[in-house]
Amino acid sequence: MKTALLIGATGLVGKELLHKLLECDQYEKVITVTRRPIEVVNDKLEQLVINFDDLDKCRKLFEVDTVFCTLGTTMKKAKTKRNFVKVDFDYPVNAAKLALDRGASQFFIVTAMGANQHSPFFYNQVKGNVEAAIEQLGFPTLYIIRPSLLIGHRNEGRFGEDVGQFITKALPFLFKGPLQKYQPNEARSVASAMLNLSLKEQTGTFIVESELIEEYK
């Protein structure tokens, strides 16, 4: 039986992953760390609402088998590059350090297709930086998940995702061959892939590109 800590359970992937973890018989306990309460009640679930600047005060929560980090924001929400870096780099790296320090053997992080430290695009550069920083920590098992455009049900609409969903349904033939990696990923597929991979008990660092997510879901 495994235990898990999920950071970012209110996000698109996080919400899907939480439900899948609670339904999975191999996980006996699931802890969530969020910035706002979640309306989920389950005997296996332990919730903690915190300011992520205070994550260091919650070290004991990281005494689990697997940590899933699905944190992420947008420039529109963050408003400044510094705030974006705080959510997409600082918080995940701090969580990874705490997880390794408290003995977690698996760490999962969702980044993005095109993540690259040397990218000319700020978003992809930050995603590449967070991957490199966590990889350098030396986890026994690290999974870096790089979805394409994420689609699913959000409380607020996002124009790019709405367009992506329309194109995927109306013109599926566009995403064939070398263009397959650009096909939007359903949030539930990403969550399923993360859950299934966590049960494999593999060691090493694995990068799961967008086109491979469907194979693992």
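The values are calculated or read from the model by the stated rules, or taken from the named source; none is laboratory data. If you're wondering where the values come from, they're calculated on a predicted model, not measured in any experiment. Quick reminder, even Gly has a Cβ in these numbers, built from the backbone with ideal geometry, and neighbours come from all protein chains shown.
Numbers for the structure displayed
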| quantity | calculated |
| --- | --- |
| Residue pairs meeting the criteria (Cβ under 6 Å; at least 6 apart or on separate chains; first under 14 Å from Gly152 (Cβ atoms), in the stretch 3-22; second part of a strand (DSSP E or B) and of a type in the set (A, V, I, L, M)) | Leu12/Leu150; Val13/Val110; Leu18/Leu6 |
| Residues being over 18 Å from Cys58 (Cβ atoms) and polar (S, T, N, Q) - total across the stretch 16-45 | 2 |
| Filtered residues of the stretch 189-205 (kept if surrounded by fewer than 20 Cβ atoms within 10 Å (Cβ to Cβ) and either modelled with pLDDT under 95 or closer than 11 Å to Arg146 by Cβ (or both)) | Lys200, Glu201, Gln202 |
| Tally, over the stretch 6-44, of residues that are surrounded by 15 or more Cβ atoms within 10 Å (Cβ to Cβ) and of a type in the set (Asp, Glu) | 1 |
| Single match in Thr32, Thr70, Thr80 (criterion: of a type in the set (Ser, Thr, Tyr) and in contact (Cβ under 8 Å) with a residue 40 or more places away in the chain) | Thr70 |
| Residue list for the stretch 1-32, filter: over 19 Å from Leu197 (Cβ atoms) and either touching a Cys at 6+ places or on another chain (Cβ under 7 Å) or hydroxyl-bearing (Ser, Thr, Tyr) (or both) | Thr10, Thr32 |
